[in-house]
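Data block below; observations after.
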Amino acid sequence: MKTFYVTTPIFYANTLPHLGHLYVMIVADAIARQKRQQGIETFFLTGTDEHGINIERAAKLAGRTPKEQADYVVSYFKKMTAEFGLDAEHGGFDIFMRTSEPFHYQGVSEFWRRAAAAKTPKGNDAIYKGHYEGWFCAACAEYKTEDEYAKPKVEGEPPTCLIHETLLDRISEESYFFRLSDYAESLLSLYESRADFVRPESRNNEVTSFVRGGLQDLAVSRLRTAVSWGVPVPNDPAHTMYVWFDALINYITAIGFGNEERERMAGFEKFWPALHIVGKDILRFHAVFWPAFLMAAGVDQPRGIVAHGMWVDPSGRKMSKTLGNTVELDVLNRHFPIDAIRYFCLRDMVFGHDGKFSYEALIDRTNSDLASGLGNLSSRTLTMISRYCDGIVPSPVISEDKLLLAKRSGVDTDETTISGFIELARDQFLQQFESLAFSRSLEIAWSIVARIDKMISDAKPWELAKDENQKQTLSAVLYRAAESLRWLCVMLYPIMPTATLEIWSQLGQGDSDSPSPAKSDPAKLKWGELSPGKAIGEVRPLFPRIDKGKTMAEINGEKQEQAAGAGGRSERKTEAGSPHSQHAVNAQHESGQGVHATEADAVPASANASETKPAPPMQHATEADAVPGAIGVTSFIDITDFTKVDLRVGEVLTAERIPKADKLLLLTVDIGEEKPRQILAGIAQYYEPEQLLRRKIAVVANLKPRKLRGYESQGMLLAASVGDEGKPVIATFTEEVPNGAKLK
Ligand code: MSP
């Protein structure tokens, strides 16, 4: 039996899942489902990458052990996969791999031993001991070269990671190195001999030119004293393996490399090599480092490496927890059918390119392609079968004596016109899907929807139904529509498993002998295999139209509510059973105060925080906030935490009171941007508006906007909180300072 192995990256266990993680899982899931349809025994891996300094730091901040931290994040990933139908129970992944598993340690150690005993193609030791000094980004978990960081503006300060915009750590330590520099020629001949090793082609060129540019040896261990949470280096427990070395190897340990029990359960021999689906952000690790590691350990190369683009925010920045601009899964889950999200992800993102995400676009797509498109085609076809054919799949046959009549009504009596069109579209659909052009493949599938819709509108079954003599013509038209729907179910099952199975059962196929779309090979579909005479099922709407205005208002309202909850002491409603909101609730519980516990938080609130007093109030205030609590010293934060806060010098241009809100002032503040910001501050009981005019203040510029009393507050001003009543005293500058200057 043929086998196929597909993987997603294993995700860092320091952040909660978001749309980016969901996206790559959907892609891999759709590929796996299509392979299974083809009768290929498929193994689909996803999981978490649980070692390294990042996890250690996140755990420390949360007052957990690294393993507890990983367990915590994994529980969210598992909830996400269950909720979005991606787990084994729903026909999704076969293993949720965790690098903290003992069998992984065993396999990785075996891999290291093999690589350490190997010679490079140039006859040198593949792994050697040396010293490393360099700039290390904890968030990327990699050392950065000069072109990968921004030089400091102030001499003596560390440079900044270009991806995360956080400060780098200077690290100098004894380290094991992988002699990557000796593998350049072998890698280049690998790319040359296998044109499809890295896809899409543009990414192949990128990788090739990177390798041509020369490779440096790679530090593959850290001293245990620096990073203790990792796999120990065999025979040298003073070192732990570099997290990427350990993480990449998961793809083979998961199926049994170095562990007989796993080999029996999954089968390295059976499934390797894998197709790796990864984001373009981690292409180099997969297309350069990983193949070189495999060469050293004497393991076959993967089937291929496929790099997808990133979901970016409206300003074009990659969605990530570190930047706090992610699309949250509980919002998606609450407002959209899972299949609409799956469809949107594959249809809207041109695979390999970046895609801008917006809820509006998701609503538009759902309404146009699913509610008005596939959903409408399905319900109009089935409703007509139910109305005009007593709910029985009609016969496609138009007898000789009725052909002329049919022609007269404008219906093409030659069924092959439609079936030929659909067969061709199916072939093109599969071809595009195979080459990972999901968006194009779906466009082609929707040409079938449009074609059948047009066939129905042209034939006007409601008119044919009025003429007893046209009964066969009517039946033939409805049969063609129903048969096309059957084809669409099989073709689209990998993309929309729930909706297609629903149409399938509405077509009366659910309990029939015909195999379910999950087990039908779309390439083997034959026109006419829908048996006439079968009763269709109950007709139910598939994709109800989404009211854009209402849904957007709800989503925005939730965002504001969340921001309000994050900013202070106000109540927030949370959706029971939603893991994301639950997380926020936990964070608030743990901290005992209104921490900035947004669902976008990379790290849950510190457990220590419960022992601390409320932090000084920040004047991005609800009215309740206007009377601040006592001053308290909070637990330590990292410099990287601090750099997340964008503090700017602002100048108050206008200040006024807000009717019926006796604690709030409405300010406009120039922070050096094109337009001044509107900021609400809970200081009206202590400051007259005029006192503030032209005053230079400190503003938190990257706080999520929120609405209070109908006014949007686009930032927060800083003030000391004095005395028991918490009287605010606005932070200001005594020297000349330009608007927009950064505070750091
Ligand atoms: N742990 C490493 C991978 C090790 S694989 C041996 C890692 N983890 S990650 O949590 O950062 O996940 C990275 C992957 O998540 C990306 O390569 C991509 O597949 C997916 N995405 C994360 N953010 C994304 C977007 N904004 N958009 C699309 N996918 C994104 O790197």
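The angle separating the long axis of helix 376-388 from the principal Cα axis of greatest extent in the chain is about 30 degrees. For the chain, the list of Cys residues with no other Cys C-beta under 4.7 Å reads 345, 389, 489. Scaling the Cα radius of gyration of the stretch 218-329 by the globular reference 2.2 N^0.38 Å produces a ratio of 1.28. The accessible surface of the chain, taken with every protein chain in place and a 1.4 Å probe, is 51 percent carbon and sulfur.
Over all other residues within a Cβ to Cβ distance under 13 Å of residue 151, the charged ones net out to -3, with Lys and Arg as +1 and Asp and Glu as -1. Normalised by 2.2 N^0.38 Å, with N the number of residues, the alpha-carbon radius of gyration of the stretch 121-240 equals 1.24. Pairs from the list 151/727; 318/744; 471/519; 559/660; 318/559; 356/660 with a Cα-Cα gap above 31 Å: 151/727; 471/519; 356/660. All other residues whose Cβ lies under 11 angstrom from that of residue 126 are scored, Lys and Arg at +1 and Asp and Glu at -1, for a net of +1. The three principal axes of the Cα atoms in the stretch 382-464 give end-to-end lengths of 46, 25, 20 Å, sorted in falling order. Note on the stretch 182-267: the C-alpha convex hull projects to 7.9 nm² when averaged across all orientations. Here the chain was treated as a single set of alpha-carbon atoms; its pair distances binned every 20 Å from 0 give 15, 41, 31, 12, 1 percent. Translational D (Stokes-Einstein, µm²/s) of the stretch 248-395 at 25 °C and 0.890 mPa s when Rh comes from the Kirkwood sum over C-alpha pairs? The diffusion coefficient I find is 127 µm²/s. In the chain, the longest principal axis of the Cα atoms and the axis of helix 548-567 are about 20 degrees apart.
Projecting the Cα atoms of 91, 478, 377 onto the charge dipole of the chain, computed from C-beta unit charges around the Cα centre, puts 478 farthest toward the positive end.
Surface exposure of the chain, expressed per residue as accessible area with a 1.4 Å probe, stands at 42 Å². Only helices enter the 222 nm calculation for the chain: every DSSP H run of n ≥ 4 contributes -39,500 (n - 2.57), and dividing by all residues gives -11500 deg cm²/dmol, rounded to 500. In the context of the full protein assembly, residue 110 retains an accessible surface of approximately 50 Å², using a probe radius of 1.4 Å and ignoring ligands and nucleic acids.
Find the Rg to Rh ratio for the stretch 409-448, where Rh is the Kirkwood radius over alpha-carbon pairs and Rg uses the same atoms.
Dividing the radius of gyration by the Kirkwood radius yields 1.15.
Under 15 Å of direct C-alpha separation, and excluding same-chain neighbours fewer than eight residues apart, residue 407 reaches these aspartates and glutamates: 415, 458, 463, 467. Maximal additional length on extending the residue 194-residue 732 stretch stands at 187.4 nm, based on 0.36 nm per residue less the C-alpha distance. For the listed peptides 144-150, 514-520, a ranking on the average number of other beta carbons within 10 Å per residue, highest first, reads 514-520, 144-150.
Distance between the modelled labels on residue 125 and residue 511, one decimal in nanometres: 7.0 nm (7 Å Cα→Cβ projection).
Past the 18 angstrom mark, what percentage of all C-alpha to C-alpha distances in the stretch 425-474 do you count?
Beyond 18 Å sits 49 percent of the P(r) for the stretch 425-474.
May I ask for the net charge around residue 651, where only other residues with Cβ less than 12 Å from the Cβ of residue 651 are counted and Lys, Arg are +1 while Asp, Glu are -1? Local charge sum for residue 651: +2. Rounded to the nearest 10 degrees, the angle from helix 579-591 to the longest Cα principal axis of the chain is 20 degrees. Give the calculated FRET efficiency between residue 235 and residue 423 to the nearest 0.05, with a Förster radius of 45 Å applied to their Cβ-Cβ distance. Computed FRET efficiency for residue 235 and residue 423 comes out at 0.15.
Where the alpha-carbon atoms of the stretch 1-89 are placed on the principal axes, they occupy 48, 23, 20 Å, in descending order. Ordering of 697-706, 445-454 by packing is 697-706, 445-454, highest average first (other Cβ atoms within 10 Å, averaged per residue).
What is the antiparallel percent of DSSP beta bridges lying wholly in the chain, to the nearest 5? About 70 percent, rounded to the nearest 5. Shown for the stretch 1-145: lysine pairs separated by 8 or more places, or found on different chains, whose C-alpha atoms are under 24 Å apart, numbering 8. Using Cα-only point scatterers and the Debye equation, what is log10 of I(q)/I(0) for the stretch 249-297 at each q in 0.16 Å⁻¹, rounded to two decimals? Taking Cα atoms of the stretch 249-297 as identical point scatterers yields -0.50. Size descriptors for the stretch 355-524: radius of gyration and Dmax over Cα atoms are 16.7, 57 Å. Peptides 418-428, 185-195 ranked from most to least packed by the mean count of surrounding Cβ atoms within 10 Å: 418-428, 185-195.
The values are calculated or read from the model by the stated rules, or taken from the named source; none is laboratory data. Since we're looking at a predicted model, the values are computed, not measured. In this analysis, Cβ positions are derived from the backbone assuming ideal geometry, glycine residues included, and neighbour counts consider all displayed protein chains. These accessible areas exclude ligands, DNA and RNA; they are computed on the full protein's heavy atoms, side chains included. Shrake-Rupley method; radii C 1.70, N 1.55, O 1.52, S 1.80 Å.
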